[in-house]
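To start, the structure itself, in structure tokens.
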């Protein structure tokens, strides 16, 4: 049976863009649900909320986005508590706390894994925030969410941030395994000397190996890796650390240089996707 | 079943100077799910196409996507998610129109990000693709 594609659109019908691109808001497969990145625009593209480029506007957009996500998942026969992983993209570090507090309110008690990245921009200049969600319907068997934590008790680089989110380090949903974006701090948050991007990458990969093991998988189950670095100079040492830890497991790698990560103390973050073989 | 990994290669053939030598691959098939390496203006023979031309790089990237999916037993119609990274807002319209032509009638989910850079300075666009082969077509 072909995948079910809900709320089909063409970008040229949205906000006067000269782009002929067929998309769907949701693709429902037998075992997983894919979603287009949600932002502060109405689902029918009638308007965008919070266009003032302030932290408050970013929070307004996050609120609209999470409401939209809830609607989209319901239409696909799923719910917010089926979310395994979120990727939070903001275009300014000043938006981080208000945006995350909004997300935390919507996803209270769900404990997804999360990766947060600061980028330069999105489809249109007025968009300040986009959220991607990886969703697997639970169908009666709850996902396994290990090493749950509350963000306000956690450390981001050398900082603590009152961002008010329930997260965890690893989610197992059927055979799919989603990890929190891993950085240069240990799973116990210890961070005495964070070191360069290579040192951070090596620590991140030790975490990855531990978390995969706890979820009943191993490095050989890794499929995709997305490596984020905050400067081109950090990319080569971080890549070398990631790949040397993977040894003879060849992964499909993407490498992205971003404006920032959860804390200015961090030079790299690695997103690892795995499927138990 | 073990994951199938297609077009394995050594990083020393891609990055300058061969200082780092590790294994990567272009495609991983895990059951019915296909994960591709982020595709760029590099063709599958490692020749860079479209220097300074984001649209030409996107065109090459999508040609690669088609080949890689088919090698793994999938097709364009199975694409579920497309994440598009560009390094300048000015590239959005030309890149999306090219990608949209390759994806005509597929209707995937998409996320678009403007980022500071990609693996090599000459890369202006990178496209991440995830596809799922429906059970009755596997």
Number of positions in the range A:158-182 that are closer than 26 Å to residue B:30 by Cα, assigned to a strand (DSSP E or B) and within 15 Å of the chain's Cα centre (by Cα): 6
If you go through the range B:65-77 one residue at a time, do you hit one that is free of Cβ contacts under 8 Å to residues at least 60 places away in the same chain, buried (at least 21 other Cβ atoms within 10 Å of the Cβ) and either more than 12 Å from every other protein chain (Cβ to nearest Cβ) or touching a strand residue (DSSP E or B) at 6+ places or on another chain (Cβ under 7 Å) (or both)? yes
Exactly one of (1) assigned to a helix (DSSP H, G or I); (2) without any contact (Cβ under 8 Å) to a residue 24 or more places away in the chain is unmet by residue A:52. Its number? (1)
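Can you say whether residue A:197 is touching a helix residue (DSSP H, G or I) at 6+ places or on another chain (Cβ under 7 Å) and farther than 25 Å from residue A:91 by Cα, as far as the supplied structure shows? Spell out how you get there, then give the answer.
On the way: touching a helix residue (DSSP H, G or I) at 6+ places or on another chain (Cβ under 7 Å): yes; farther than 25 Å from residue A:91 by Cα: no.
When the stated conditions are applied, residue A:197 does not pass them.
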Could you please let me know if residue B:103 is facing chain A (nearest Cβ under 9 Å), surrounded by 22 or more Cβ atoms within 10 Å (Cβ to Cβ) and under 17 Å from residue A:226 (Cα atoms)? no
Quick one: would you say residue B:54 is surrounded by fewer than 23 Cβ atoms within 10 Å (Cβ to Cβ), in contact with a strand residue (DSSP E or B) (Cβ under 7 Å, 6 or more places away or on another chain), in contact (Cβ under 8 Å) with a residue 60 or more places away in the chain and under 25 Å from residue A:89 (Cα atoms)? yes
Reported set for the range A:62-99 where residues are in contact with a strand residue (DSSP E or B) (Cβ under 7 Å, 6 or more places away or on another chain) and in a helix (DSSP H, G or I) is A:62, A:65, A:68, A:69, A:72, A:73, A:75, A:82, A:93, A:95, A:96, A:99
Scope the range A:139-157; condition more than 26 Å from residue A:32 (Cβ to Cβ), in contact with a strand residue (DSSP E or B) (Cβ under 9 Å, 6 or more places away or on another chain) and assigned to a loop (DSSP other than H, G, I, E, B); matching residues: A:154
Among the residues of the range B:81-132, write down those that are in contact (Cβ under 8 Å) with a residue 60 or more places away in the chain and under 14 Å from residue A:34 (Cβ atoms). B:128, B:129, B:130, B:131, B:132
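None of the figures in this text is laboratory data; all of them are computed from the coordinates on show. Just so you know, these numbers come straight off a predicted model, no measurement behind them. In this analysis, Cβ positions are derived from the backbone assuming ideal geometry, glycine residues included, and neighbour counts consider all displayed protein chains.
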